[in-house]
Amino acid sequence: MTTARVKTKSKMRTVDIVYCGMFATLMMIGANITAFAPFLVIGGVPITLQTFFAILAGLILGSRLGAISVLVYACIGLAGAPVFARFGGGFGQILSPTFGFIIGFIISAYIAGKIVERYSSIKGYITASIMATIIGYIIGTNWMYVAYKLWANAPDALTYKLVWLWMVPPFPKDIILGILAGMFGHRMYKILKIRRD
């Protein structure tokens with residue numbers, strides 16, 4: 001009598017765990033890149049690489065592993081390690097007005113991966129990057145507005161429009177980095193031949 005082996009998509013190989021750990025580490029570095037390279041502050045706006053690495057995780061690892069790698073980063077930060085922007089960490093960060101961007105990074109990685117799992121051309125990669133960037137901004141900015149209004153003691157003058165105006169300076173940078181992530185991700189996926197689930 002023989003038993004059939006059933007392969008499930010939930011099973012992770014050792015190399016998958018390594019790739020997820022690598023991208024979680026890149027997210028940690030990307031959150032505080034200006035601590036190592038202070039010249040990356042332009043007009044008072046720090047050039048973080050979190051969006052870049054989150055999208056790149058989805059493009060290279062696929063939707064499932066890309067989202068898992070960013071989720072690992074978020075869990076490490078919530079557990080208390082100072083890996084969020086400005087070396088923040090701890091479960092209390094979930095109440096931060098900017099925590100929505102962390103959630104947005106997880107969803108962005110998943111969406112970018114889903115798109116390139118169907119459209120593997122360079123155009124598909126760049127489109128995935130731009131769409132994932134925009135969705136990350138929508139989630140993060142709306143979370144920030146709700147947080148300020150409900151629990152972060154926003155001034156009465158704070159409006160939804162004003163919160164979106166705060167996003168104007170970093171948005172072009174993230175779109176450019178998104179396009180670069182699409183180009184780089186397309187090239188790296190072809191080189192590494194990483195399995196997507």
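The values are calculated or read from the model by the stated rules, or taken from the named source; none is laboratory data. Being a predicted model, the structure only gives us computed values, none of them experimental. No Cβ is skipped: glycine too gets one built from the backbone with ideal geometry, and neighbour counts run over all protein chains shown.
Scanning the range 71-83 for residues that are over 12 Å from MET22 (Cβ atoms), assigned to a helix (DSSP H, G or I) and of a type in the set (Val, Ile, Thr) returns a single hit, ILE76.
In the set (1) touching a strand residue (DSSP E or B) at 6+ places or on another chain (Cβ under 8 Å); (2) modelled with pLDDT of 95 or more, the condition left unmet by LEU78 is number (1). Go through the residues of the range 115-124 one by one and say whether even a single one is of a type in the set (D, E, K, R), in contact (Cβ under 8 Å) with a residue 24 or more places away in the chain and surrounded by 16 or more Cβ atoms within 10 Å (Cβ to Cβ). Yes, the range 115-124 contains at least one residue that is of a type in the set (D, E, K, R), in contact (Cβ under 8 Å) with a residue 24 or more places away in the chain and surrounded by 16 or more Cβ atoms within 10 Å (Cβ to Cβ).
Residues in the range 125-183 that are in contact with a helix residue (DSSP H, G or I) (Cβ under 7 Å, 6 or more places away or on another chain), part of a loop (DSSP other than H, G, I, E, B) and closer than 27 Å to GLY58 by Cα: MET167 alone.
Against the test of being in contact with a strand residue (DSSP E or B) (Cβ under 6 Å, 6 or more places away or on another chain), in a helix (DSSP H, G or I) and either at pLDDT below 95 or within 25 Å of ILE179 (Cβ to Cβ) (or both), the options THR34, THR51, THR25 yield a single qualifying residue, THR34.
What are the residues in the range 145-175 that are among the small types (Gly, Ala, Ser) and free of Cβ contacts under 8 Å to residues at least 40 places away in the same chain, if any? Steps first, answer last, please.
At the first step, the residues of the range 145-175 found to be among the small types (Gly, Ala, Ser) are 147, 152, 154, 157.
Selection gives ALA154, ALA157.
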